[in-house]
Amino acid sequence: MKRHPEMEPVLKFVDYADYDKGITRAEQEARTARKSLATGVFDDMD
């Protein structure tokens, strides 16, 4: 907000809550891959 105060009206609807408790995208991708391996379902078979 200090850098771009004009964005405040747009960002007042942003939810900054951390529902995943800090999980990163890489951790989520690894979790998805483990589930795929466990079930035998692969979504990236190009």
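Details
- Only Lys, Arg (+1) and Asp, Glu (-1) charged, at Cβ; the chain dipole about Cα centre in debye: 220 debye
- Alpha-carbon spread of the chain, three principal axes, descending order, Å: 49, 26, 17
- Under the Karplus curve 6.51 cos²θ - 1.76 cosθ + 1.60, θ = phi - 60°, whole-Hz ³J(HN,Hα) for region 24-34, x wherever Gly or Pro sits: 8, 4, 4, 5, 5, 4, 5, 4, 4, 5, 4
Bear in mind these aren't lab numbers, they're just calculated from the coordinates by the rules spelled out. Only a predicted model underlies this, so the values are computations on that prediction, with no experimental measurement involved. Positions of Cβ are generated from backbone atoms using ideal geometry, with glycine treated the same way; all protein chains shown enter the neighbour counts.
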